[in-house]
Amino acid sequence: MTAIQMNAEILRNMSIIAEDENLMKRAAKYLRKLVAEKEDATLMTKDEFFAKIERAEKQSGKSFASVDELDKYIRSL
């Protein structure tokens, strides 16, 4: 589905929702939730998380052999 088609579908659905105040409130609440998720920098995939850890290890010069070792280090900070 192209962006133009998705936009048209959203506008069609919004015209239906616009007739019902309760549906509009629910749609607005859900849209706020979607925006918050997009803006939340802590949301990341597993691969992104581990890549971030690897970058931090390289920058700090520290490396951890196990999760326990990493946990102990973090708790000591």
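The values are calculated or read from the model by the stated rules, or taken from the named source; none is laboratory data. Keep in mind the model is a prediction, meaning the values are calculated, not measured. Note: areas computed on protein heavy atoms with side chains; ligands, DNA, RNA excluded. Shrake-Rupley method; radii C 1.70, N 1.55, O 1.52, S 1.80 Å.
Going by the structure shown, is A51 at pLDDT below 85, part of a helix (DSSP H, G or I), open to solvent by less than 80 Å² (accessible area, probe 1.4 Å) and among the small types (G, A, S)?
Values: at pLDDT below 85: no; part of a helix (DSSP H, G or I): yes; open to solvent by less than 80 Å² (accessible area, probe 1.4 Å): yes; among the small types (G, A, S): yes.
Considered against the rule, which asks whether it is at pLDDT below 85, part of a helix (DSSP H, G or I), open to solvent by less than 80 Å² (accessible area, probe 1.4 Å) and among the small types (G, A, S), A51 comes out as no.
When the residues of the range 61-77 are narrowed to those that are aliphatic (A, V, I, L, M) and open to solvent by 100 Å² or more (accessible area, probe 1.4 Å), which ends up farthest from F49 (Cα to Cα)?
L77
Can you name every residue in the range 1-48 that is modelled with pLDDT of 90 or more, open to solvent by less than 100 Å² (accessible area, probe 1.4 Å), not β-branched (V, I, T) and not in a helix (DSSP H, G or I)?
A18, D20
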